[in-house]
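Shown next, in structure tokens, is the structure this report addresses.
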Amino acid sequence: MSPLDSLQKGLDRLSQLNSLYEREMPHFQSSLFDAAHYHFKNPGKSFRAYLALSSGDAVNQHPKDSLHWAAACELLHNASLVHDDISDASTHRRGQASISQRFGSDMALCLGDWMIAKAFELAARNSTHSGQLVALLAGAMQETCSGQIADIDQRMYAPISDWQRIAKNKTAPLLIAPIKGAAICAGLDSHASNIDALVEFCGLAYQGRNDIDDIVPSSHLSSDLHGRKPNLVVSIFANLETTDIQAFKQWYCSIDQHQTNIWQKRIASSEAILHANQRVESWLAQAENLIPNIPHQLQPVTKRLIFSVKPPKTQQHQEQSA
């Protein structure tokens, strides 16, 4: 299949996904209908659905089962976003008002719960592997919830080990599930631990990149520093042997917000950025080393996942070298 044909097939599948959302919306007489319709007007990148569809195609999964699994994974991810916006008091998501901002936190809570229930229902439609797929989703959501509450509760600068645990639980489970679900349906679940490990490294790299982008450039205010949330760069900075670390720790443990930008600039110009980038590169290298241990059918999918996490400059260089 040519790259153009592959692209067209991907677009067709995402169009089918959007059509499925339309069919599966809450009943039009339900108060949830308007909120769900508003949310799915802008479904985002649908990356988890893409992973599920690509994995399904790679193992020759039945297209209908693959589509249901993709929608289930994507709905679970969307539910976590809707609920996160309540916790974080976020006013915007994907360039528009968040559900909690537009419809209120009660509606957002109920819509997120509806998405979770619909995700389980769609996974259960698989006539052969419904139990395993529902269990996989349930486990992924439990881990994500554990990571999210740890993220919210963390008010001290997190040690690196704590940051890794929180980042892994928040990010990896809903990236693992789309690929592992297809592997289960193809009888390849004996390789599940290798898939877990590879995607977990990608999850750490993804979160690490986000944390670096939150600190740099310092022309925008760091939401992580302002909210005292776990951030890889901050964790590294807190362990550097510099003269102002004690002053930073004292400020970080206070409720003072006036010096947020001052400390952000100091962190952005410190060696912590270099060390954070080195860790991201190391996690990606470890993920790449695991590719030979993944079933050959799924290796292109995992390669694409790793590529998507790499910094844009690295991607550009690799594309030019290819």
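The values are calculated or read from the model by the stated rules, or taken from the named source; none is laboratory data. Just so it is clear, the model here is predicted, and its values are computed rather than measured. Note that we place each Cβ from the backbone using ideal geometry, even for glycine, and neighbour counts take in every protein chain shown.
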| note | Only one of (1) surrounded by fewer than 19 Cβ atoms within 10 Å (Cβ to Cβ); (2) at pLDDT 95 or above; (3) among the β-branched types (Val, Ile, Thr) does not apply to residue 212, and that is (1)
| request: Please specify each residue of region 180-199 satisfying the condition of being buried (at least 16 other Cβ atoms within 10 Å of the Cβ), of a type in the set (Gly, Ala, Ser) and under 10 Å from residue 295 (Cα atoms). | output: 183
| request: Run down 235, 270 and say which single residue is of a type in the set (S, T, N, Q), assigned to a helix (DSSP H, G or I) and farther than 30 Å from residue 181 by Cβ. | output: 235
| task | Under 9 Å between Cβ atoms, at least 6 apart or on separate chains: pull out the pairs that start in region 29-45 with a residue that is at positive phi and end on any residue that is polar (S, T, N, Q). | result | 44/78
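Any residue that is in the same structural domain as residue 165 (by TED's automatic domain parsing) and under 22 Å from residue 311 (Cβ atoms) - is there at least one of those in region 242-259?
Our first condition is that a residue be in the same structural domain as residue 165 (by TED's automatic domain parsing); within region 242-259, this holds for 242-259.
Restricting the remaining residues to those that are under 22 Å from residue 311 (Cβ atoms) gives none.
Looking through region 242-259, none of the residues is in the same structural domain as residue 165 (by TED's automatic domain parsing) and under 22 Å from residue 311 (Cβ atoms).
Could you list, in sequence order, all residues of region 196-236 that are aliphatic (A, V, I, L, M) and touching an Asp or Glu at 6+ places or on another chain (Cβ under 9 Å)? Explain how you work it out, then say what you get.
First pass over region 196-236, keeping only residues aliphatic (A, V, I, L, M): 197-199, 204-205, 212, 215-216, 221, 225, 232-234, 236.
Residues satisfying the conditions are 198, 205, 215, 225, 232, 233, 234, 236.
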| request: Mind listing just one residue for me: the one in region 134-163 that is surrounded by 17 or more Cβ atoms within 10 Å (Cβ to Cβ), in contact (Cβ under 8 Å) with a residue 24 or more places away in the chain and over 19 Å from the mean Cα position of the chain (by Cα) and, of those, farthest from residue 63 (Cα to Cα)? | output: 157
| Scan of region 121-133 for residues that are surrounded by fewer than 18 Cβ atoms within 10 Å (Cβ to Cβ) and assigned to a helix (DSSP H, G or I), ordered by number | 121, 124, 130, 131, 132
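Here's the yes/no breakdown for (1) of a type in the set (A, V, I, L, M); (2) modelled with pLDDT of 95 or more; (3) assigned to a helix (DSSP H, G or I); (4) crowded, with 20+ Cβ neighbours inside 10 Å:
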| residue | (1), (2), (3), (4) |
| --- | --- |
| 8 | no, no, yes, no |
| 13 | no, no, yes, yes |
| 18 | no, no, yes, no |
| 44 | no, no, no, no |
| 50 | no, no, yes, yes |
| 65 | no, yes, yes, yes |
| 68 | no, yes, yes, yes |
| 83 | no, no, yes, yes |
| remark: If we keep only residues of region 22-42 that are under 20 Å from the mean Cα position of the chain (by Cα) and not in a loop (DSSP other than H, G, I, E, B), then the residue surrounded by the most Cβ atoms within 10 Å (Cβ to Cβ) is 39
